[in-house]
Each structure stands twice: as structure tokens, then as C-alpha cells.
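This report refers to the structure that appears directly beneath it.
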Amino acid sequence: MTEIKESGTIRTSAGGILLRMWHAAVSPGVRGFFKHSHTSFEITLVLAGSGTYQTQSGDYGISPGDMLVFASNEQHNISLVEKQGLEILNMHFEPLFIAGDTFTSANLCFSHSKYFKNFIPKENCEKLCNLMLCAEKEIIGQKEEYVQMIHGIVCEMLITLLREHGYRADDTSASQFSGIQAALKYIEPRISSPLTLYEIASAAGLSPNYFSLLFKKACKISLWDYIVSKRVEIAQRMLTANPHMNILDIALSCGFNSTANFNKAFRRFSGITPKEYRKSDDLLH
């Protein structure tokens, strides 16, 4: 059983989610494997309890004060929660949230050094922990210019990861990545509408073939896999927020043209069917 308590959300002008923070309280027990990944960059802080976190870089025992960091599309899963339960604070933000900021590692939301292992123990992450709690205070309080304040905090967290934790992303020049950022900005408000490679590449100011190759190199995922995974993420939120909504209606509203295509894509990116996802009360959404 997982209980979710929202801290707050920052949205685009079109209503899409740019950044979200929330608490998850997870009941004790062994948890079945769930193919969990997303296009958002994720930072997790363990607040209470203990357990085991499965990541692509290994399995880690987690306890209060520990942090985990995941670039886009990295699979991760809580496999065990000890008897006292587990409480975590999560932050997800889209690459668009820092679009226009010039980082040496331009594609750091999509990639990191092979030596970075996702898990940062308590004794090494006091600064990151404090920044995370400051961001939550801002998103709850929503004082004047809180979005700009959180943006600054997120940038400081990313710089801390680069300077102190060996996060370094694969090299993609800022000039190359600016085209990808332009494409992401074009895709976001149209994610549930029909899209073509030509129109997306045109938004990036690049030829379709070059853009397709560049996107895969920089983002570690093909353009179409990125689009479909974003649609599945939207569907996941709709499935839990609208328990009585017809699955076909959800599929159509998320950009899928049939239940069959929706089920196939959903299973591919989550490992279970939409019906199974809707029935589960043990997901970290």
C-alpha cells in the first residue's frame, strides 16, 4: 500500500507538469517488480524508515537521509520495505524546467557518467538534502516568485551533483542541445496530438534525419519512444485520478488511436496492463 501526499506542482501555460514534489508513505513488505521509469529527472530523499531500492546500477539499502538520483528513463523500483514502513520525498522535473540554462553538460537530464551510481548516502549529501527541503518549503508556501526560487534551487542541486558527486553527463554541445530543447518545447503542448518527425525537426531548425540521430544520441532514447513514454505517463496519472473513466477514452485523450495500441505501449513501458495499473494500490505514481 502506498499513500501519496502532494507538496505542489509547477505547470506550463498549457497545463503540462514542469515540476512536481510529493511524499510517498510505503507500507512494509516485499514488493513485486514494477518496470518503473519516466522522462522526468528524479531526486528522492528518504525521510523515515528503511528498505531496498533496485536501480540499474545496483541494489541499495536505504535509510533516513539517503538520496537517489535518476536521469530520464532510468528504471528503478523499491523492492523491500522494512517493518517500520518507509517515507520518501520525491521531486520530478522535466528537462524543459531548466531549458535555456547553459550547463557544461547540456544533456544532463538525460545522461550521466557511467561512474555515477544513483545512490548518495546520508554522510555525503547534506547539501543536496537541505536544498531539497528548501524547494519543498517554497512549493508549499508559494510566496512571491517561488517558481524562480525553485528554479534556482534545482540549478544549484544539479551543479552540486556535477561538482561533488561525479555526475558528469555525456558530452553534447549547448548549441546542439538547444535544437532538442526547442523540439521538446514544441512537443509538450501537443503531446496528445498527432505529431510528425518533419514538424518536430522543423521546430528544432534541423533536418529530420539529423535531428532524429541527434535526439537519440543526446537523450538515450528515440524520439518516438520519448513521445510514447510521455503519453503513457499521462495515461498513468489519468488512470489513478479518474477511476471510473473508460480506458478507451483515456487512450484517445492521450494520443493513442486504439485500445490495442494503448495496451501494447502501456505494457512495454510499465510491464503491466492499464487495468492492472489501475487496480494496484502499491505504485509510486
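The values are calculated or read from the model by the stated rules, or taken from the named source; none is laboratory data. Only a predicted model underlies this, so the values are computations on that prediction, with no experimental measurement involved. As a convention, Cβ positions derive from the backbone with ideal geometry for all residues, glycine included, and neighbour counts pool all protein chains shown. Quick note on the areas: whole protein, heavy atoms, side chains included, nothing else; ligands and nucleic acids left out. Shrake-Rupley method; radii C 1.70, N 1.55, O 1.52, S 1.80 Å.
Look through segment 76-94, keep the residues that are within 26 Å of P189 (Cα to Cα) and open to solvent by 10 Å² or more (accessible area, probe 1.4 Å), and return whichever of them is modelled with the highest pLDDT.
Our first condition is that a residue be within 26 Å of P189 (Cα to Cα); within segment 76-94, this holds for 90-94.
Subset that is open to solvent by 10 Å² or more (accessible area, probe 1.4 Å): 92, 94.
Working: H92: 96, E94: 91.
That would be H92.
Checking N73 against (1) touching a residue at least 12 places away in the same chain (Cβ under 8 Å); (2) surrounded by fewer than 16 Cβ atoms within 10 Å (Cβ to Cβ): exactly one of these is not met. Which one?
(2)
Out of L18, L68, L45, I need the residue that is closer than 23 Å to G166 by Cβ, touching a helix residue (DSSP H, G or I) at 6+ places or on another chain (Cβ under 6 Å) and aliphatic (A, V, I, L, M). Which one?
Working: L18 fails: closer than 23 Å to G166 by Cβ; L68 fails: touching a helix residue (DSSP H, G or I) at 6+ places or on another chain (Cβ under 6 Å).
Exactly one residue qualifies, and that residue is L45.
In this structure, does L206 turn out to be modelled with pLDDT under 95 and over 19 Å from G15 (Cβ atoms)?
Values: modelled with pLDDT under 95: yes; over 19 Å from G15 (Cβ atoms): yes.
The answer is yes for L206.
Go through segment 195-209 and give me each residue that's in a helix (DSSP H, G or I) and free of Cβ contacts under 8 Å to residues at least 12 places away in the same chain. Full working, then the answer.
Of the residues in segment 195-209, the ones in a helix (DSSP H, G or I) are 197-204, 208-209.
Listed by number, the residues that qualify are Y198, S202, P208, N209.
Can you pull out every residue in segment 37-53 that is in a strand (DSSP E or B) and out of contact with any Phe, Trp or Tyr (no Cβ under 6 Å at 6 or more places or on another chain)?
So the first thing to find is which residues in segment 37-53 are in a strand (DSSP E or B), and the list is 41-53.
Within segment 37-53, I43, T44, L45, V46, L47, A48, G49, S50, G51, T52 qualify.
Looking at L184, L213, can you tell me which residue is open to solvent by less than 30 Å² (accessible area, probe 1.4 Å) and either out of contact with any Ser or Thr (no Cβ under 9 Å at 6 or more places or on another chain) or at pLDDT below 95 (or both)?
On the way: L213 fails: open to solvent by less than 30 Å² (accessible area, probe 1.4 Å).
Criteria check complete, one pass: L184.
Identify the single condition in (1) open to solvent by less than 50 Å² (accessible area, probe 1.4 Å); (2) under 27 Å from Q75 (Cβ atoms) that N242 does not satisfy, given that it satisfies every other one.
All conditions pass for N242, except number (1).
Return the residues of segment 76-119 that are part of a strand (DSSP E or B), touching a residue at least 60 places away in the same chain (Cβ under 8 Å) and of a type outside the set (G, A, S); say none if nothing qualifies. I'd like the intermediate steps shown before the answer.
Kept after step one, since they are part of a strand (DSSP E or B), are these residues of segment 76-119: 76-93, 119.
Applying the additional criterion that residues be touching a residue at least 60 places away in the same chain (Cβ under 8 Å) yields 78, 85-93, 119.
Within segment 76-119, I78, L86, E87, I88, L89, N90, M91, H92, F93, F119 meet the criteria.
Please work out which residue is farthest from the chain's Cα centre (by Cα), limiting yourself to segment 1-19 and to residues that are part of a loop (DSSP other than H, G, I, E, B) and not hydrophobic (A, V, I, L, M, F, W, C). Quick ask: steps written out before the conclusion?
Residues of segment 1-19 that are part of a loop (DSSP other than H, G, I, E, B), as a first pass: 1, 12-16.
Next, only the ones that are not hydrophobic (A, V, I, L, M, F, W, C) stay: 12-13, 15-16.
Working: T12: 16, S13: 19, G15: 17, G16: 13 Å.
By that ranking, first place goes to S13.
S253 - would you say it is in contact with a helix residue (DSSP H, G or I) (Cβ under 8 Å, 6 or more places away or on another chain), of a type outside the set (A, V, I, L, M, F, W, C) and free of Cβ contacts under 8 Å to residues at least 12 places away in the same chain?
Values: in contact with a helix residue (DSSP H, G or I) (Cβ under 8 Å, 6 or more places away or on another chain): yes; of a type outside the set (A, V, I, L, M, F, W, C): yes; free of Cβ contacts under 8 Å to residues at least 12 places away in the same chain: no.
No: the conditions fail for S253.
Any residue that is at pLDDT below 95, aromatic (F, W, Y) and open to solvent by 10 Å² or more (accessible area, probe 1.4 Å) - is there at least one of those in segment 140-151?
For segment 140-151, residues at pLDDT below 95, aromatic (F, W, Y) and open to solvent by 10 Å² or more (accessible area, probe 1.4 Å): absent.
Pick from S27, S7: which is surrounded by fewer than 18 Cβ atoms within 10 Å (Cβ to Cβ), closer than 25 Å to Y146 by Cβ and among the polar types (S, T, N, Q)? If you could, list the steps in order and put the result at the bottom.
Working: S27 fails: closer than 25 Å to Y146 by Cβ.
Step by step, each of S27, S7 is checked, and only S7 is surrounded by fewer than 18 Cβ atoms within 10 Å (Cβ to Cβ), closer than 25 Å to Y146 by Cβ and among the polar types (S, T, N, Q).
Could you list, in sequence order, all residues of segment 222-250 that are closer than 14 Å to H38 by Cβ and without any contact (Cβ under 8 Å) to a residue 12 or more places away in the chain?
Hit for segment 222-250 is D225, nothing else.
Out of (1) among the hydroxyl-bearing types (S, T, Y); (2) modelled with pLDDT under 95; (3) touching a Lys or Arg at 6+ places or on another chain (Cβ under 7 Å), what's the single condition that is false for T160?
Condition not satisfied by T160: (2).
Return a yes/no flag: does segment 174-181 have any residue that is of a type in the set (S, T, N, Q) and at pLDDT 95 or above. Write out each step before concluding.
Just the residues of segment 174-181 that are of a type in the set (S, T, N, Q), to begin with: 175-176, 178, 181.
From what is left, the residues that are at pLDDT 95 or above are none.
Within segment 174-181, not a single residue is of a type in the set (S, T, N, Q) and at pLDDT 95 or above.
Is there a residue being open to solvent by less than 20 Å² (accessible area, probe 1.4 Å), touching a helix residue (DSSP H, G or I) at 6+ places or on another chain (Cβ under 9 Å) and within 30 Å of L214 (Cα to Cα) anywhere in segment 112-126?
Within segment 112-126, one or more residues are open to solvent by less than 20 Å² (accessible area, probe 1.4 Å), touching a helix residue (DSSP H, G or I) at 6+ places or on another chain (Cβ under 9 Å) and within 30 Å of L214 (Cα to Cα).
Just wondering, is there one or more residues in segment 55-68 that are crowded, with 16+ Cβ neighbours inside 10 Å, touching a His at 6+ places or on another chain (Cβ under 8 Å) and part of a strand (DSSP E or B)?
yes
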